[in-house]
1. Can you compute the charge dipole magnitude of the stretch 94-156 about its Cα centre, using +1 on each Lys and Arg Cβ and -1 on each Asp and Glu Cβ, nothing else charged? Give it in debye, rounded to the nearest 20.
2. Would you please give the FRET efficiency between Asp177 and Arg70, computed as 1/(1 + (r/R0)^6) with r the Cβ-Cβ distance and R0 = 30 Å, to the nearest 0.05?
3. Relative contact order for the stretch 200-299 using alpha-carbon pairs under 8 Å, separation at least 6, rounded to a whole percent?
4. Over the heavy atoms of Cys92, what accessible area does a 1.4 Å probe trace out, to the nearest 10 Å²?
5. Could you compute the FRET efficiency for Phe286 and Arg101, with r as their C-beta to C-beta distance and R0 at 35 Å, rounded to 0.05?
6. What does the highest-first list of 280-286, 98-104 look like by mean Cβ count within 10 Å?
7. Report the FRET efficiency, 1/(1 + (r/R0)^6), for Leu299 and Val108, where r is their Cβ-Cβ distance and R0 is 51 Å, rounded to 0.05.
8. Quick one: length gained pulling Arg93 to Arg151 fully straight, 0.36 nm per residue minus the C-alpha distance?
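The values are calculated or read from the model by the stated rules, or taken from the named source; none is laboratory data. As the structure is a computational prediction, the values presented were derived from the model and not from experiment. Reconstructed Cβ throughout: ideal geometry from the backbone, glycine too, with neighbour counts over all protein chains shown. Only protein heavy atoms, including side chains, enter the accessible area calculation; ligands, DNA and RNA are left aside. Shrake-Rupley method; radii C 1.70, N 1.55, O 1.52, S 1.80 Å.
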Amino acid sequence: MNVSRSDQAAPAAAPGVAPVVAQQPEVAGAEAAAAPRGGLRARLGPVGLVLAGGISVQFGGAVAVSVMPRVGALGIVTLRLAFAALVLLAVCRPKLRGHSRADWGTVVAFGVVMAGMNGLFYQSVARIPMGPAVTLEVLGPLALSVIASRRAVNLIWAGLALCGVFLLGGGGFSGLDPAGVAYALGAGAMWAAYIVFSARTGRRFPQADGLALAMVVAAVVFLPLGIVESGAKLVEPGTLALGAVVAVMSSVLPYTLELLALRRLPAHTFAILMSLEPAIASVAGFLVLSQALSIAEALAISLVIAASMGAVRTQVGRGGGRRRADAKAVRKTEG
């Protein structure tokens, strides 16, 4: 699988989200020479979107774990997807006309992938602790980062992050429920597919229209499963309120922010940034679920953060190099 910048569209602002404006190459070179600090902020913008999305989704996940005794894993996924679909439809008001068959095929595939990713992950955390579950899940994006990378240095950052991921899992997963491990690995595969289809959906649909439509697909796919497992428990007032909170934190905010970020970040850089998820999940588990961190887990977090910072620095340096080259070409032309 090879994902490049050509798979991503120029971003448009989603309702309620500050717009991220991509610079045209001929403009970027001149601006880099005139205002380097502003250019740096522009390059770091999508990174901030990814990190904000990660914090939201992991704390939302911790809340979801606390709700599972009420409605089960499938029930909370159903509520999460249903509320997220309703919110996005109301905010985005996506147009249903003017799209090709290929556009609809992409958005349906994106929705099915989101349903699978959520369902598999919550089946996992119903059987194994949240930290190891996220640790195993992040192997999917890491694998994508290695496959999609076109620079050798990214292999180093991916390898360092992978070491942190396994250390965070305690150096092995033999003591975990095999079914939980299998669900987490399946969720990781769906996560890698999510990265690809999110970028393609962002290219084919304006603003967050594709995201809203894909979320409807995911909710419809999962609704029968939630009804079978939870039944009338899904409509209890307290459960509905908690489901709405989980939906906003774990779906609406992170998916929108990541969709915007993917329009400016290569998929492999986005995937390496996602290696921060086990660290964020551990912090969320500590604050929400009272799960303490060991020294080994703290070291693992440090390794993952170092890898992510290295990946970001590599990407920023690469963008700066292109802009300096553009500025030099402009000066030569003017001279």
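1. Values: 6 positive and 2 negative charges, 50 e Å.
Dipole size: approximately 240 debye.
2. Details: r = 21 Å, r/R0 = 0.72.
After rounding to 0.05, the efficiency reads 0.90.
3. On the way: 26 pairs, mean separation 23.1, N = 100.
The normalised contact order for the stretch 200-299 reaches 23 percent.
4. Approximately 20 Å² of Cys92 is accessible to the 1.4 Å probe.
5. Working: r = 48 Å, r/R0 = 1.36.
That gives a FRET efficiency of 0.15.
6. Details: 280-286: 22.0, 98-104: 11.4.
So the order, starting with the most tightly packed, is 280-286, 98-104.
7. Working: r = 43 Å, r/R0 = 0.83.
E between Leu299 and Val108, to the nearest 0.05, is 0.75.
8. Values: separation 58, 0.36 × 58 = 20.88 nm, distance 3.97 nm.
This chain segment gains 16.9 nm when fully extended.
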